[in-house]
Amino acid sequence: MILLLLLFILLLDTHIAWSKLLLHYEIFYGPLKLGESKIFVSEKEYKAIAYTTNLGNILYPYYAEWTTTVNDKKFPSTSVIYSKDRFKERKKIIYFEQNKNKIIVEKILPKPKKNSYHLPFPIFDELSSFVYSWNLDYFNNREYQLPIYIDGERHFVYIKYSSVINCKFNNQTQECINLLIHLPEKSELLKRSKNVQLFLSKKDRIPIEIMGSLPIFGNLKAILKEVKNL
């Protein structure tokens, strides 16, 4: 999930009214566009798609799709994760059984396999933790840690408020919350950057820009191109 991991709810204070929201990002290495990512958020389901384009297809052709269903408290019920690169196709389904403190992982590709893990709940997957973080109260609490499931283990995402800065979207300047995020090195799909910087719209509580460093690509930037209510 090379591109998703740059991007990759309690909607208590959002100023956008929607039943389903689409966020469309472009991924850049310096001035060069390598790919795109789309995130769909609805009341019960989050879906993120990432894919390489142009130069990205030459360097490392990649497609990933991650779908998470969530319960009323916005914790995951199931996660379906699919990816395909030049060498391999992968697919797995993760079931979160909160009443049993149990996680079941069913691998479908490349070879069928099933495992189960007993871990402390509550726990997020990577996508639901990302969306959940948009509406945390960063002005009354400057630091958060969110428990997430990765590869049979319970890890934490650490989020720290840094400042409020000006950022641009659609040629308009707005205030953004500058967040510093420390991620586990592990991911459900591959190793990733430990440190990410995220500019979160103070008004609408959606990510405007995300910056990080990933294997193969190096320093990348995801910039919000379009927002749609579906």
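The values are calculated or read from the model by the stated rules, or taken from the named source; none is laboratory data. Please read these numbers as outputs of a predicted model, since none were measured by experiment. All Cβ positions, even for glycine, are placed from backbone atoms using ideal geometry, and neighbour counts span all protein chains on display. Side chains are part of the model used for accessible areas, which takes the heavy atoms of the whole protein and leaves out ligands, DNA and RNA. Shrake-Rupley method; radii C 1.70, N 1.55, O 1.52, S 1.80 Å.
Scanning region 37-48 for residues that are among the charged types (D, E, K, R) and crowded, with 17+ Cβ neighbours inside 10 Å, we see that the one that is nearest to Ile81 (Cα to Cα) is Lys47.
Here Tyr51 meets the list (1) open to solvent by less than 30 Å² (accessible area, probe 1.4 Å); (2) in contact with a Gly (Cβ under 8 Å, 6 or more places away or on another chain); (3) hydroxyl-bearing (Ser, Thr, Tyr); (4) under 19 Å from Leu224 (Cβ atoms) almost entirely, failing just condition (1).
Counting only strands (runs of 3 or more DSSP E) that sit wholly inside region 70-183, those with at least 2 residues that are of a type in the set (S, T, N, Q), modelled with pLDDT of 95 or more and under 30 Å from Ser201 (Cβ atoms) are 76-85, 153-169, 172-182.
Across region 6-36, which residue is surrounded by the most Cβ atoms within 10 Å (Cβ to Cβ) among those that are part of a loop (DSSP other than H, G, I, E, B) and modelled with pLDDT of 85 or more?
Gly30
Of all residues in region 184-205, exactly one satisfies the criterion of being at pLDDT 80 or above and under 24 Å from Asn54 (Cβ atoms), namely Val196. In the set (1) modelled with pLDDT under 95; (2) under 24 Å from Thr68 (Cβ atoms); (3) open to solvent by less than 20 Å² (accessible area, probe 1.4 Å), Phe217 fails one condition alone, (2). Pairs meeting the criteria (first residue in region 130-156 and on the phi > 0 side of the Ramachandran plot, second residue among the basic types (Lys, Arg) and surrounded by fewer than 18 Cβ atoms within 10 Å (Cβ to Cβ), beta carbons under 6 Å, at least 6 apart or on different chains) are Asp151/Lys186. Taken over region 156-170, residues that are surrounded by 14 or more Cβ atoms within 10 Å (Cβ to Cβ) and more than 18 Å from Leu136 (Cβ to Cβ) amount to 3.
Does Ile208 satisfy the condition of being touching a Cys at 6+ places or on another chain (Cβ under 6 Å) and either surrounded by 15 or more Cβ atoms within 10 Å (Cβ to Cβ) or at pLDDT 95 or above (or both)? Answer is yes for this residue.
Specify the residue that is farthest from the chain's Cα centre (by Cα); the eligible residues are those in region 60-112 that are of a type in the set (Ser, Thr, Tyr) and over 13 Å from Lys47 (Cα atoms). Spell out how you get there, then give the answer.
Applying the first criterion (of a type in the set (Ser, Thr, Tyr)) to region 60-112 yields 60, 62-63, 67-69, 77-79, 82-83, 95.
Restricting the remaining residues to those that are over 13 Å from Lys47 (Cα atoms) gives 60, 62-63, 77, 83, 95.
Working: Tyr60: 20, Tyr62: 17, Tyr63: 15, Ser77: 16, Ser83: 15, Tyr95: 18 Å.
Checked region 60-112; the qualifying residue farthest from the chain's Cα centre (by Cα) is Tyr60.
Of the numbered conditions (1) over 13 Å from the mean Cα position of the chain (by Cα); (2) in a strand (DSSP E or B), Gly212 fails exactly one; give the number of that condition. With respect to (1) over 13 Å from the mean Cα position of the chain (by Cα); (2) in a strand (DSSP E or B), Gly212 is out only on (1).
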